[in-house]
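Q: I'd like to ask some things about the structure below.
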Amino acid sequence: MRNMVSFAAIAGVLGIFAPAVAGEAPRCAVKIAPQFIKVADEGAAAPKAPAVGETEGAGVLTAPADLDKISILKHIAGSGANILDLGSAHGLRSISARRGEQFMVLQIAPDGEAAISGPQLDLSISKLLSVAGSQVTELGEAHGLRGIFLRNGQEFQVLYATPDGQATMAGVMWDATGKNLTREQVAGIEGVAPTAVIGKDAGAASAEGASHSALETVQETSFGTLGDDGAARLWLFVDPLCSYSVRVLQDLKPFVEQHRVQLAIIPVSVLDYEDQGQSTPAALALLSKASGEMATAWEHQDFRSLGTTEAAARLRTNMGAAQSIGLRGTPTMIWRKSDGSEGRADGLPSDWKDLIASIAEGSHAAAER
């Protein structure tokens, strides 16, 4: 399965918020709320944004007067975001939510209990149905908004119609508790891989899995390798779209090139709530690759491979392993130490040389795939 059809020019997430707890190693956390879009990549200069409440040539925007009365607005404001009212169109009100350099445009559902991430599109529901025809599946109504599932070959997109039917929105619906309602709406559609989650809702780990060590658990995952087979192995859980996961690959490449370590890259999907559901298709694309091709595809952000049934099964295995070891975010590293004990690092370590030096030489055997 490839990424969703791009009916709107919505920027993908290129970074994440800093760790929620001071002193933690930088990582992409399993749960961060609410969901925002990154304006600029990590390390890149962000465009100068207007001061809060200011717009170019559009006067001054203000916070909604009924902020404390609308459930979804209270939820977003409770995260520390600044909310500005963008006005109403086609029976829906629009707001912007900003925290630091991250922002989203949201459409508020008529009942005030949910929101759609993304702007309104100048495409009526009647025109959409005329163009798409049999490729459309009705999702029913949720919080006063009609949902449409649109398939285009191996790609898909969920759209919601405005109350008057004269515009549509391509995006994800979230309720006032931060729950992804779109995921539930499409879960029963054939060929749509469910978003993998970690935590109490992901199902309890089996008794057998719970009894495994972290090293025993990772050896049963689906992974790609980078580096010499004879080098010490470092197991690496990554979300393909996590900026810290990408950073760890860059930091470790010199050690790989020096034949000091071999990476065993385990793709998982933990940032769908943050990146508009794009982590799962990216992980599926990597897991569709051969073991020796996975790291290169990830390094070049090549997620063009169609997710297969086998890739979906591999992702479920990896997510089960992540839950089994109590994954809190990505990157997470597991290795065998020289003294025989297990090493683990959650997030970017402060000293790579010490970590690499602690890995036992010849610490792995080729796992059967």
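The values are calculated or read from the model by the stated rules, or taken from the named source; none is laboratory data. Quick caveat, the model's predicted, so the values are computed rather than measured. Note that each Cβ is placed from the backbone with ideal geometry, even for glycine, and that neighbours are counted across all protein chains shown.
Q: For the stretch 287-300, indicate whether the set of residues that are modelled with pLDDT under 90, within 30 Å of GLY118 (Cβ to Cβ) and of a type outside the set (D, E, K, R) is non-empty.
A: Yes, that holds for at least one residue.
Q: Considering only residues that are farther than 21 Å from PRO254 by Cβ and crowded, with 16+ Cβ neighbours inside 10 Å, look in the stretch 335-354 and name the one that is modelled with the lowest pLDDT.
A: Looking at the filtered set, the residue picked out is ASP346.
Q: Given the criterion closer than 26 Å to ASP228 by Cα and touching a Lys or Arg at 6+ places or on another chain (Cβ under 9 Å), identify the matching residue among GLU293, GLU299.
A: On inspection, the qualifying residue turns out to be GLU299.
Q: Considering ALA311, ALA322, which residue is of a type in the set (Gly, Ala, Ser) and in contact with a Ser or Thr (Cβ under 7 Å, 6 or more places away or on another chain)?
A: ALA311
Q: Here's something else I'd like to know. Only one of (1) closer than 24 Å to ARG328 by Cα; (2) assigned to a helix (DSSP H, G or I); (3) touching a residue at least 12 places away in the same chain (Cβ under 8 Å) fails for GLU310. Which number is that?
A: Among (1) closer than 24 Å to ARG328 by Cα; (2) assigned to a helix (DSSP H, G or I); (3) touching a residue at least 12 places away in the same chain (Cβ under 8 Å), the lone unmet condition for GLU310 is (1).
Q: Do we find a residue being at pLDDT below 65 and either aromatic (Phe, Trp, Tyr) or outside the structural domain of LEU315 (by TED's automatic domain parsing) (or both) anywhere in the stretch 174-186? It would help to see each step written out before you state the result.
A: Step one: of the stretch 174-186, the residues at pLDDT below 65 are none.
There is no residue in the stretch 174-186 that is at pLDDT below 65 and either aromatic (Phe, Trp, Tyr) or outside the structural domain of LEU315 (by TED's automatic domain parsing) (or both).
Q: Could you say which residue among GLY147, GLY112 is at pLDDT 85 or above and either outside any strand (DSSP E or B) or not assigned by TED's automatic domain parsing to the domain that holds ALA176 (or both)?
A: Every option except GLY112 fails the conditions.
Q: For the stretch 152-173, give me the residue count where each residue is surrounded by fewer than 20 Cβ atoms within 10 Å (Cβ to Cβ), modelled with pLDDT of 80 or more and either in contact with a helix residue (DSSP H, G or I) (Cβ under 6 Å, 6 or more places away or on another chain) or under 16 Å from THR280 (Cβ atoms) (or both). Before the answer, list the steps.
A: Our first condition is that a residue be surrounded by fewer than 20 Cβ atoms within 10 Å (Cβ to Cβ); within the stretch 152-173, this holds for 152-155, 157, 163-166.
Going one step further and asking which of them are modelled with pLDDT of 80 or more, we end up with 157, 163-166.
Subset that is either in contact with a helix residue (DSSP H, G or I) (Cβ under 6 Å, 6 or more places away or on another chain) or under 16 Å from THR280 (Cβ atoms) (or both): 157, 165.
Going through the stretch 152-173 one residue at a time, the tally reaches 2.
Q: Can I ask one more? Can you spot a residue in the stretch 190-213 that is touching a strand residue (DSSP E or B) at 6+ places or on another chain (Cβ under 8 Å), surrounded by fewer than 20 Cβ atoms within 10 Å (Cβ to Cβ) and modelled with pLDDT of 80 or more?
A: Yes, because at least one residue in the stretch 190-213 is touching a strand residue (DSSP E or B) at 6+ places or on another chain (Cβ under 8 Å), surrounded by fewer than 20 Cβ atoms within 10 Å (Cβ to Cβ) and modelled with pLDDT of 80 or more.
Q: Anything in the stretch 55-72 that is assigned to a loop (DSSP other than H, G, I, E, B), of a type in the set (A, V, I, L, M) and modelled with pLDDT of 85 or more? List them, or say none.
A: ALA63, ALA65, LEU67, ILE70
Q: Any chance the stretch 292-313 includes a residue that's more than 13 Å from the chain's Cα centre (by Cα) and closer than 20 Å to LEU215 by Cα?
A: no
Q: Residues VAL261, VAL238: which one is closer than 30 Å to ASN152 by Cβ, of a type in the set (A, V, I, L, M, F, W, C) and modelled with pLDDT of 90 or more?
A: Numbers: VAL261 fails: closer than 30 Å to ASN152 by Cβ.
Just one listed residue meets the conditions, VAL238.
Q: Let me ask something additional. Would you check which residues across the stretch 115-144 are in contact (Cβ under 8 Å) with a residue 40 or more places away in the chain and either touching a His at 6+ places or on another chain (Cβ under 7 Å) or assigned to a strand (DSSP E or B) (or both) and list them?
A: ALA115, ILE116, SER117, GLN120, LEU121, THR137, LEU139, GLY140, ALA142
Q: One residue is enough: does the stretch 322-332 have a residue meeting the conditions over 20 Å from SER222 (Cβ atoms), touching a residue at least 40 places away in the same chain (Cβ under 8 Å) and in a loop (DSSP other than H, G, I, E, B)?
A: Scanning the stretch 322-332 turns up at least one residue that is over 20 Å from SER222 (Cβ atoms), touching a residue at least 40 places away in the same chain (Cβ under 8 Å) and in a loop (DSSP other than H, G, I, E, B).
Q: ARG233 fails exactly one of the following numbered conditions: (1) modelled with pLDDT of 90 or more; (2) buried (at least 17 other Cβ atoms within 10 Å of the Cβ); (3) part of a loop (DSSP other than H, G, I, E, B). What is the number of that condition?
A: Just one mismatch for ARG233, condition (3).
Q: Consider the stretch 67-81. How many of its residues are under 23 Å from the mean Cα position of the chain (by Cα) and either without any contact (Cβ under 8 Å) to a residue 60 or more places away in the chain or closer than 24 Å to ALA167 by Cβ (or both)? I'd like the intermediate steps shown before the answer.
A: So the first thing to find is which residues in the stretch 67-81 are under 23 Å from the mean Cα position of the chain (by Cα), and the list is 72-73, 75-81.
Filter once more, keeping what is either without any contact (Cβ under 8 Å) to a residue 60 or more places away in the chain or closer than 24 Å to ALA167 by Cβ (or both): 72-73, 76-81.
Selection size over the stretch 67-81: 8.
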